[in-house]
Amino acid sequence: MKRVFSLMLLFLPVFAIAAPWGVPTDYTHTWDPSSPSSRPGEKYLLPRILDGQTVRIYLDFPNGNEKQRAAAQKSIADSYARWFAEPAKIIRQTGREAEFADILKILDRGIRVQFVGVDQPRDLDFCIASRSQLAGTGAAGWYERNDEDGGAPRIVRLMDTAGNRIMGMDAEIVQLHEIGHSLGLSDQYDFWRDEGTHAVYHSKPQADGIMKQYPVISCDEADGIVNLIDLTRRVRRGGERGWRSLCKGSDQYYINAMPAGRGPYAISFSSELDWMLETFRDGKKVQEQKLTLDLKNGLSPFDEGPERVLERDAAGRPVRAQGSQGEDIFYSYTYDKRMRLVLRDGRLVQSEETKPVRAGNGQVMQRTVFFGEDGEFSVVIMSRAKWQQPKGWAAYETQFGEEMASVSLQIHFNAKGQVSKHSIYVADEVRAASSGSKKEQALEQALSQSMQQQKWQRKLEELSEWYLKQH
Ligand SMILES: [Zn+2]
């Protein structure tokens with residue numbers, strides 16, 4: 001099976017807000033999806049560390065002198081050590097040594113690193129670059145991986161200046177953060193964590209931590225390290241009930257590295273047409289369905305009736321429901337992001353992603369629904385600051401005809417739910433490619449036909465109705 005090229009870039013931006021822990025979306029993926037013997041974390045360093053092997057690092061520090069290189073090596077080794085030492089400290093502080101005896105043995109052994117020469121095999125490239133080398137990136141550091149060649153991941157961070165600072169941040173925090181990625185922890189910034197975090201393996205928002213640029217390895221991140229190790233070793237801790245979070249006063253339990261009450265579904269997509277529905281029971285994946293959006297038998301959100309919730313998660317959110325025409329509906333949640341799939345007779349007839357997105361200085365909730373209509377790929381989007389308030393906008397886009405023409409309808413609503421603006425925009429590739437051709441004339445003629453006009457007008461009304469009934 002051909003590998004899909006993906007360059008993973010996890011930046012460390014200069015803003016921060018609340019943070020738990022999470023595992024990257026691809027932690028349970030393998031280099032070769034057809035290989036059944038592969039284990040979690042194949043693209044990360046943790047399996048190697050758990051096997052008792054040394055992490056081989058090539059340090060690329062072109063501007064560093066001998067003394068600076070030695071200091072950088074020690075600092076990198078210390079950062080790796082901290083990711084195991086601090087969770088061990090938290091376990092001891094909570095007096096739960098007996099419960100985590102196996103984990104403590106691993107954590108106390110630490111993470112051994114070894115610096116290798118440029119020609120030697122390595123598990124990680126670590127590059128310390130000067131500001132001029134990284135001109136324009138705007139990031140203090142990042143973690144990247146090129147899945148195409150299966151080569152070593154790379155951490156790049158800016159060379160620190162006086163007082164060990166990088167762009168006003170503590171150099172050690174930047175380094176710990178990027179090293180956290182190399183072990184298998186995802187970013188926890190608002191807006192970003194939804195995208196990069198596995199739909200099942202993550203905690204609820206509780207405290208700030210390194211993966212959100214906060215200067216301590218938090219109790220949530222200690223939970224994360226324990227879960228990451230258990231997930232990678234396939235250890236089930238705490239029997240049927242699981243184990244309680246290391247955070248003081250928390251009633252969060254974990255079963256098989258998965259927060260109790262989470263799931264059981266994880267929905268993801270590789271393109272708007274190709275979706276994946278995974279089913280987990282007690283943290284173990286029991287089913288995996290690859291689904292392609294059926295454009296011929298699509299379900300328009302305009303034609304959807306009320307659904308009946310069959311199953312809810314611990315937070316009371318629906319995870320399974322039945323549609324008004326007997327459809328099977330599945331939900332999954334990653335922090336504030338919600339995914340929804342609608343299946344009819346095992347075929348995917350509609351898919352949806354609802355998530356917070358940045359808009360100006362604030363945040364809006366955006367719902368995007370994908371479906372087929374008359375065999376064409378269609379999308380409906382709505383955006384609101386709060387679901388309770390009607391102010392916002394909705395859009396409908398589809399393709400039509402043989403000429404790959406597309407139409408885009410947009411409606412804006414004011415705070416009273418009244419339409420403040422609407423537009424119908426028709427674009428076609430023919431018009432762009434061959435202006436004034438016979439083909440174009442024919443198409444324009446078709447568009448001007450009152451039937452077509454009426455159709456879009458009707459769609460606009462349907463879109464408006466659909467928008468206003470959302471809450
Ligand atoms: Zn990051």
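None of the figures in this text is laboratory data; all of them are computed from the coordinates on show. Quick caveat: nothing in here was measured; it's all calculated off a predicted structure. Using ideal geometry, Cβ is built from the backbone for each residue, glycine included, and neighbour counts are taken over all protein chains shown.
In this structure, residue 385 and residue 324 have a Cβ-Cβ separation that, at R0 = 30 Å, corresponds to a calculated FRET efficiency of about 0.55.
The ranking of 145, 154 by Cβ neighbour count inside 10 Å, starting from the fewest, reads 154, 145. Spin-label pair residue 241-residue 70: with each label point 7 Å from Cα along the Cα-Cβ axis, the two points sit 5.4 nm from one another. Highest-first packing order for the peptide set 267-273, 107-113 is 107-113, 267-273, based on the mean count of other beta carbon atoms within 10 Å.
Applying a 10 Å radius around every beta-carbon, put 165-175, 86-96 in order of their mean neighbour count, most first. Each step should come with its number before you reach the end.
Numbers: 165-175: 18.9, 86-96: 17.2.
So the order, starting with the most tightly packed, is 165-175, 86-96.
If you take the Cα centroid of region 244-299 and the Cα centroid of region 302-363, the two points sit 13 Å apart.
Percent relative contact order of region 261-353, based on C-alpha pairs within less than 8 angstrom and at least six residues apart?
Working: 185 pairs, mean separation 23.1, N = 93.
So the answer I get is 25 percent.
Multiplying the sequence separation of residue 250 and residue 424 by 0.36 nm and subtracting their Cα-Cα distance, what value in nm do you get?
Details: separation 174, 0.36 × 174 = 62.64 nm, distance 5.18 nm.
Result for the pair: 57.5 nm of gain on full extension.
Name the shape class, rounded, prolate or oblate, that the alpha-carbon gyration tensor gives for region 261-353, where a ≥ b ≥ c are the square roots of its eigenvalues, rounded holds for a/c under 1.5, and otherwise prolate holds if a/b is larger than b/c and oblate otherwise. The shape class here is oblate.
Nothing charged except the Cβ atoms of Lys and Arg (+1) and of Asp and Glu (-1): what's the magnitude of the dipole of region 50-171 about its Cα centre? Round to the nearest 20 debye.
480
Straight-line cross-link partners of residue 248 among the aspartates and glutamates, defined as a Cα under 19 Å from its Cα and at least 8 positions apart when in the same chain: 86, 97, 99, 208, 220, 221, 223.
For the listed peptides 180-190, 375-385, a ranking on the average number of other beta carbons within 10 Å per residue, highest first, reads 180-190, 375-385. When the charge dipole of region 281-386 is built from unit charges on Cβ atoms (+1 for Lys and Arg, -1 for Asp and Glu) and taken about the Cα centre, the candidate among 289, 366, 380 whose Cα reaches farthest toward its positive end is 366.
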